[in-house]
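Supplied in structure tokens, the structure appears directly below.
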Amino acid sequence: QQQVKQSPQSLIVQKGGISIINCAYENTAFDYFPWYQQFPGKGPALLIAIRPDVSEKKEGRFTISFNKSAKQFSLHIMDSQPGDSATYFCAASGNNDMRFGAGTRLTVKP
Amino acid sequence: NAGVTQTPKFQVLKTGQSMTLQCAQDMNHNSMYWYRQDPGMGLRLIYYSASEGTTDKGEVPNGYNVSRLNKREFSLRLESAAPSQTSVYFCASRSQGVGTEAFFGQGTRLTVV
């Protein structure tokens, strides 16, 4: 079974709105939690990442919230823009292993 | 700086044929990975290699073999292709250690008919 569960599968947001994507993981050996962004026809690229000793990390309009006790983390995109329309993957890694969630297709409507 | 290079970009195989997907990175990374991407399933780990000479199974290794030829190259082989292996395959690499970024290739779109 997938070790990283991601929801929702798809998300439609109006320009300027907040996009929220949630993930949960099983393996407590994971020690690094990145988010990747993928545009059609391209490979995923790192967007933002967090370590479990921090509860929140913000980079521009993108914020990761991390709850170690619940084994959950989420990506918040503030002031969403049409250019943010892409597929987003959460991931968890540890001991050279790296697992991904099922992905969220985000559409930001102008 | 090419990063992670995958070949070929597209391939059509007949059921039962074999082929090897090639991946090379020029960033001196120790760890390399093969994933398959299917709609609604995300990126599923097939195999990974923590260093030259070592490989480990991921979530979906059945029907695949891998070779870590040297530090730069990590190949994925389908011995007898099946329609269920129709997918987009991504290779990735990263340095060892906690908190290192993974870099992905552009993907190989494989269709098995």
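Could you work out the equivalent-ellipsoid semi-axes for the protein assembly as shown, taking the square root of 5 times each eigenvalue of the Cα gyration tensor, largest first, in whole Å? Could you put the intermediate results ahead of the total?
Details: eigenvalues 171, 81, 48 Å².
Ellipsoid semi-axes (Å, largest first): 29, 20, 15.
Which FRET efficiency, nearest 0.05, do A:R61 and B:M41 yield, Cβ-Cβ r, R0 35 Å?
Details: r = 28 Å, r/R0 = 0.81.
Efficiency, from the Cβ-Cβ distance: 0.80.
Among the lysines, which have Cα under 28 Å from the Cα of A:K15 when same-chain residues fewer than 8 positions away are ignored?
Straight-distance partners of A:K15: A:K5, A:K42, A:K57, A:K58, A:K109.
A follow-up question, please. Remind me, relative contact order of chain B in percent, using alpha carbon pairs under 8 angstrom and six or more residues apart?
The value is 35 percent.
With a 1.4 Å probe, how much accessible area is buried between chains B and A, both sides summed, in Å² to the nearest hundred?
Approximately 2000 Å² gets buried when B meets A.
Moving on. Over all distinct alpha-carbon pairs, what is the Kirkwood Rh of chain A in angstrom?
13.9
Considering Cα pairs under 8 angstrom that are at least six residues apart, work out the relative contact order of chain A and quote it in whole percent.
Values: 277 pairs, mean separation 41.7, N = 110.
Once divided by the residue count of chain A, the mean separation gives 38 percent.
If you place +1 on the Cβ of every Lys and Arg, -1 on the Cβ of every Asp and Glu, and leave all else neutral, what size is the dipole of the protein assembly as shown about its Cα centre, to the nearest 20 Debye?
In total the dipole reaches around 400 debye.
Which net charge results for the neighbourhood of B:S87, defined as the other residues with beta-carbon distances under 11 angstrom from its beta-carbon, given Lys and Arg at +1 and Asp and Glu at -1?
Numbers: positive: B:R36, B:R44, B:R109; negative: B:D38.
Summing Lys and Arg as +1 and Asp and Glu as -1 gives +2.
P(r) for the stretch B:1-68, please, calculated from all Cα pair distances in 5 Å bins and given in %.
4, 13, 22, 26, 22, 10, 3, 0
Keeping every protein chain in place, order A:R51, A:R61 by accessible area at 1.4 Å, biggest value first, i.e. largest first.
Working: A:R51 105, A:R61 70 Å².
Listed by decreasing accessible area, they come as A:R51, A:R61.
Hey, with R₀ at 35 Å, roughly what FRET efficiency would A:T107 and B:E101 work out to, going by the Cβ-Cβ distance, to 0.05?
Details: r = 26 Å, r/R0 = 0.75.
It comes out at approximately 0.85.
May I ask what percent, to the nearest 5, of DSSP beta bridges between residues of chain B are antiparallel?
90
Continuing with this model, one more query. Can you pull the mean other chain C-beta count within 10 Å for peptide A:41-54?
Taking the mean over all residues of the peptide, I get 4.
With r defined as the distance between the Cβ atoms of B:N70 and A:F39 and R0 fixed at 41 Å, what FRET efficiency is calculated, to the nearest 0.05? Can you show the working numbers first?
Numbers: r = 31 Å, r/R0 = 0.76.
After rounding, the FRET efficiency stands at 0.85.
Around B:G99, what is the net charge, scoring Lys/Arg as +1 and Asp/Glu as -1 over all other residues with Cβ under 15 Å from its Cβ? List each step's numbers first, then the result.
Details: positive: A:R51, A:K57, B:R94; negative: A:D31, A:D53, A:E59, A:D97, B:E101.
Around B:G99, the surrounding residues sum to -2.
Order of B:28-39, B:73-84, B:9-20 by packing, highest average Cβ count within 10 Å first?
Values: B:28-39: 20.9, B:73-84: 16.1, B:9-20: 12.3.
Those peptides, ordered most packed to least, come out B:28-39, B:73-84, B:9-20.
Can you order the peptides B:91-99, A:65-73 by their average number of other Cβ atoms within 10 Å per residue, highest first? Write down the numbers at each step before the final one.
Values: B:91-99: 18.4, A:65-73: 14.2.
Result, highest mean Cβ count within 10 Å first: B:91-99, A:65-73.
The values are calculated or read from the model by the stated rules, or taken from the named source; none is laboratory data. Source: prediction; values computed, not measured. Virtual Cβ from ideal backbone geometry, glycine too; neighbours counted across all protein chains shown. When the accessible area is computed, the model is the full protein with side chains, heavy atoms only, and any ligands, DNA or RNA have been set aside. Shrake-Rupley method; radii C 1.70, N 1.55, O 1.52, S 1.80 Å.
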